[in-house]
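First up is the structure itself, then whatever we jot down about it.
The values are calculated or read from the model by the stated rules, or taken from the named source; none is laboratory data. Bear in mind the structure is a predicted one, so any value in this text is a computation, not a measurement. Cβ placement follows ideal geometry from the backbone for every residue including glycine, while neighbour counts extend to all protein chains displayed. Each accessible area value is taken on the protein alone, full model and side chains, heavy atoms only, with ligands, DNA and RNA left out. Shrake-Rupley method; radii C 1.70, N 1.55, O 1.52, S 1.80 Å.
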2 protein chains.
Amino acid sequence: MVRNSLGRQIPRVFAGKTYVPYQDPWSLQPHFKRGTREIKRINHTAGKLLGSLREAIAATGLKDGMTISTHHSLRNGDHLLNELVAEIDAMGIRDIKIASSSIHAIHSEIIPFIRKGVITGLECGVNGMIGELISKGELDCPVVVRSHGGRARSLITGEVLVDVAFLAAPCCDEYGNFNGFTGPSACGSLGYAMPDSVHARKVVAVTDHLVPYPAVPISIPQTVVDFVVPVAHLGDPKKIVSTTTRVTTDPIGLQIAKHAAQVIEASGLMKDGFSFQTGTGGISLAVADHVRAMMRAGKIKGSFGCGGITGYFVDMLEEGLFQSLFDVQCFDLKAVESIARDRRHQEISASMYASPFNVGAVVNRLDCVILSATEVDVDFNVNVNTESNGYLLHNTGGHCDTAAGAKLSIIVAPSMRGRLPIIRDSVTTITTPGETVGVVVTERGIAVSDRYPELKAELIRRKAPVKDIRQLRDETYALTGVPRPLEFEDKIVGLVEYRDGSIIDVIRKIKV
Amino acid sequence: MVRNSLGRQIPRVFAGKTYVPYQDPWSLQPHFKRGTREIKRINHTAGKLLGSLREAIAATGLKDGMTISTHHSLRNGDHLLNELVAEIDAMGIRDIKIASSSIHAIHSEIIPFIRKGVITGLECGVNGMIGELISKGELDCPVVVRSHGGRARSLITGEVLVDVAFLAAPCCDEYGNFNGFTGPSACGSLGYAMPDSVHARKVVAVTDHLVPYPAVPISIPQTVVDFVVPVAHLGDPKKIVSTTTRVTTDPIGLQIAKHAAQVIEASGLMKDGFSFQTGTGGISLAVADHVRAMMRAGKIKGSFGCGGITGYFVDMLEEGLFQSLFDVQCFDLKAVESIARDRRHQEISASMYASPFNVGAVVNRLDCVILSATEVDVDFNVNVNTESNGYLLHNTGGHCDTAAGAKLSIIVAPSMRGRLPIIRDSVTTITTPGETVGVVVTERGIAVSDRYPELKAELIRRKAPVKDIRQLRDETYALTGVPRPLEFEDKIVGLVEYRDGSIIDVIRKIKV
């Protein structure tokens, strides 16, 4: 064990692999060549169509101990991973690691297969029940949580070797060209499947919408796809793209959004060329609403909106407030329709979005990002992975990537949830280092990092409710009481990897 | 020296590198991992804009002995390579190899720099004067001629290591995203720049049209571009995209096209899903005209048109005769306008177009390709690199790639040019092995390879002028006389690489 620069105890070895402790957001340099499968040649008359998932598993040579991946663009509507794991079990294959881009609540179906030893490790973040059970020690399945950019990095460098990627392909031809634009499982951008398509040793496109060759426009090309498997249904279309993203109506949320808007206004970033990312939460959308109003009022011609894209951003593109959208994942139907139609709405890979190890990700060009938190500490470190009960419930997403890249990262969070303080001495898990966080906005006031003295002065000049973050903590503790420390066992059940591959924190087993 | 399977004497070592002799079109298997630059990380606040080509050359660390590349999508309008070589000379750098995707007549300007030792090798095909002088032994500059697919392969495998790619970027932003769709040097598809953008050790985007970030739609992304250099002019727009592609009016050409159309009709390939490639020559376009008429008449819904794309193919797309176009290079303004606007008109990389070493190039999906020839021998071997005077005057292009991939490759050529027989005992240089050629069509008749007995029978049934290729040769020789063998010296001045990296023939110094 070794202490990293944020004071967290980090193992040098976890689940058989070696890791380096987190030092700072910037200095770690890659020492890799691009990691990729061997270059292959196929018979020029060979076809790629197979009859079933089982045939594909057999054709790829999947064996005990190997690593598979899927992408998460079908989100909670995805059936593929569950079916895949059941089939792998039925074929008697064991000790498989999952290195998907994310795992959602619907994938709780694989829990019995973890218990059974079919799945023995997760090289990816988890949302929901699986993480909770791992945290409780009820599932023995080491997990390494990565950000979207960090995951892309780990595939590109070969730190994570995916033996077979099974990629949901909403619109696919028999030779493996595919896109996410049409078909019953249309999900829009395939940004999270792109690193797998290039770096996995074998690639299987699984589709419920086989179209005549070629499936243009091509998001993932035939040149990287080994096999094509038609299936009846990739998932539940109703859950693939939610159409309910809505501005919050909660008064606390609205207050937070108003404060966040004040911060953006005071930052001086709101001018021609403005670039912006926000999530789909109600508070985030309320901030976006303010941003739109400010851009209209100032006749600002923005550069790009970024991230998971909603219809909200599509409207802003069409209104001319942004020159373009960078889309690594579509969050609603309006976004799916837009990316299929409007070439200013640019599909990008997870690597282009957020990897630290290339010559410039899109996050580096962000002016401002609005991010959420489950907890924030007085050093501005942010937790989004665990809740205050210590359960691993959320994937990192682009949190630490955008915070590191953006000129200004703004954390929006209520000061408390129920009786739990969100602003506190120490976070349960560090997802994003305080060194990359600019401002923490709560309904009780705005805490500005010392790295932004001019912004702080400007906010004070504008009579915004600027407070020291320790004051926010104290006000919160006065209402909630000082939180009792969680009790953990020594056992480490997971690692939280920073985007550069260093380990920023660990997930320990909760004492129950 | 070793004799390859076509009887040509091949050196094992040429210009310091080792090569394998050609064996057959299919069996050579790759033994490479993907060759690429080291994975880099840049400071997230770093910019990429440089002031001049000279600054860029200095920033990339270009040194004596290194290899540079450019792409040829500006064709005979390109000024970049000439300016680059002059600047390299002015900086005192020597012994540079050029591995561009092609070199055109306009690049004769670099001849003095070859004489001076600034440029000491060509890892690419040449069109025009430079090849002639190399053939005559007047320029000491070893040349390795590669097909479009073969060149992509050589970059992907690392057989050719490009130290710095200087890529003409017609529409580019300051962070290195670019496309070829707009700007004064708009050239459409950037398919031939794509392998360089991923595999060169350093990449410089050179632009005469710097646009606000981001330059969407993005053909080549910021994640692979190290530096951006604005220049006044990339080239001469009038010569970048020719607008004069016209069906031949020559009676011999029209007769050949009519015969070729008969072959296509008899082949049984002309049905729904038909895919087709042809060049821009007058005969090729005349064949395309017949194909269009046949498709209309048969109400054929074709799959794709492919290759360098002309307005002719755009018309066929818009008419619904093709479902899509695969475009690795635009040949005229109409194609440029279409690719920027119509997403069925798909930009593809040279690797996707034609590399033998991936899991399926587009050429594998071609039904029929129309190809030209400077010479054809009685074994159906085709020469497109040298003329009958032995001068290396033409690049291979996609000739051997499409011949190998297509179900049916049709060579269209007059039986003689001037007094020189085109159909002959032996070709001066083998570009494309007869094993991959289906039919040779001349104005005097149609020679069908023994590999297509059914096609031959069907053509005879249709009373098409089918002749044995030896008969075509004899008829030709009767008019031209038996050609006198060219006299060569022993000195090998160039290699002709087959698409898989094996050496199919050599270029020798002409005895003068």
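Here are a few things to note about the model shown:
- Test for residue A:466: is it at negative phi, in contact with a helix residue (DSSP H, G or I) (Cβ under 7 Å, 6 or more places away or on another chain) and open to solvent by 20 Å² or more (accessible area, probe 1.4 Å): yes
- In segment A:249-282, residue nearest to residue A:458 (Cα to Cα) [restricted to those that are β-branched (Val, Ile, Thr) and surrounded by 18 or more Cβ atoms within 10 Å (Cβ to Cβ)]: A:263
- Scan of segment B:471-512 for residues that are in a loop (DSSP other than H, G, I, E, B) and surrounded by fewer than 17 Cβ atoms within 10 Å (Cβ to Cβ), ordered by number: B:481, B:482, B:484, B:485, B:486, B:487, B:511, B:512
- Which numbered condition residue B:387 fails, given (1) modelled with pLDDT under 95; (2) buried (at least 24 other Cβ atoms within 10 Å of the Cβ): (2)
- Of the residues making up segment A:210-240, those that are surrounded by fewer than 23 Cβ atoms within 10 Å (Cβ to Cβ) and away from every other protein chain (no Cβ under 11 Å) number 9.
- The test for being part of a loop (DSSP other than H, G, I, E, B) and modelled with pLDDT of 95 or more does not hold for residue A:44.
- In segment A:221-252, the qualifying residues are those that are at pLDDT below 95 and small (Gly, Ala, Ser), and the one that is farthest from residue A:169 (Cα to Cα) is A:242.
- For segment A:339-393, a residue qualifies if it is of a type in the set (Val, Ile, Thr) and closer than 23 Å to residue A:195 by Cβ, and the qualifying residues are A:339, A:348, A:359, A:362, A:363, A:369, A:384.
- Out of A:369, A:363, A:376, one residue alone is buried (at least 23 other Cβ atoms within 10 Å of the Cβ), touching a Gly at 6+ places or on another chain (Cβ under 7 Å) and not in a loop (DSSP other than H, G, I, E, B). It is A:363.
- Every listed requirement among (1) surrounded by fewer than 24 Cβ atoms within 10 Å (Cβ to Cβ); (2) more than 14 Å from chain A (Cβ to nearest Cβ); (3) within 25 Å of the chain's Cα centre (by Cα) is met by residue B:182 save one, (2).
- When each of B:40, B:48 is tested for being under 30 Å from residue A:159 (Cα atoms), open to solvent by less than 20 Å² (accessible area, probe 1.4 Å) and within 14 Å of another protein chain (Cβ to nearest Cβ), the lone residue that passes is B:48.
- Selected residue (only one of B:117, B:121 is in a loop (DSSP other than H, G, I, E, B) and of a type outside the set (Ser, Thr, Tyr)): B:117
- Residues that are hydrophobic (A, V, I, L, M, F, W, C) and assigned to a loop (DSSP other than H, G, I, E, B) within segment B:221-269 comprise B:225, B:231, B:232, B:234, B:241, B:247, B:269, listed in sequence order.
- For segment A:323-351, a tally of residues being at the interface with chain B (Cβ under 10 Å from one of its Cβ atoms) and either touching a residue at least 24 places away in the same chain (Cβ under 8 Å) or in a strand (DSSP E or B) (or both) returns 13.
- All positions within segment B:7-28 that are open to solvent by 50 Å² or more (accessible area, probe 1.4 Å) and under 22 Å from residue B:426 (Cβ atoms): B:9, B:23
- Candidate set from segment A:15-25 (those that are in contact (Cβ under 8 Å) with a residue 40 or more places away in the chain and in a loop (DSSP other than H, G, I, E, B)); member that is farthest from residue A:4 (Cα to Cα): A:15
- Of the candidates A:95, A:173, A:89, A:140, the single residue that is in contact with a Phe, Trp or Tyr (Cβ under 6 Å, 6 or more places away or on another chain) and surrounded by fewer than 20 Cβ atoms within 10 Å (Cβ to Cβ) is A:89.
- Answer from A:285, A:317 - the residue that is within 14 Å of chain B (Cβ to nearest Cβ), surrounded by 17 or more Cβ atoms within 10 Å (Cβ to Cβ) and closer than 22 Å to residue A:406 by Cβ: A:317
- Evaluation of residue B:54 against the conditions (1) outside any loop (DSSP other than H, G, I, E, B); (2) open to solvent by less than 80 Å² (accessible area, probe 1.4 Å) shows that the sole unmet condition is (2).
- Counting only helices (runs of 4 or more DSSP H) that sit completely within segment A:128-213, those holding 1 or more residues that are out of contact with any His (no Cβ under 6 Å at 6 or more places or on another chain) and under 30 Å from residue A:487 (Cα atoms) correspond to A:129-135, A:148-157.
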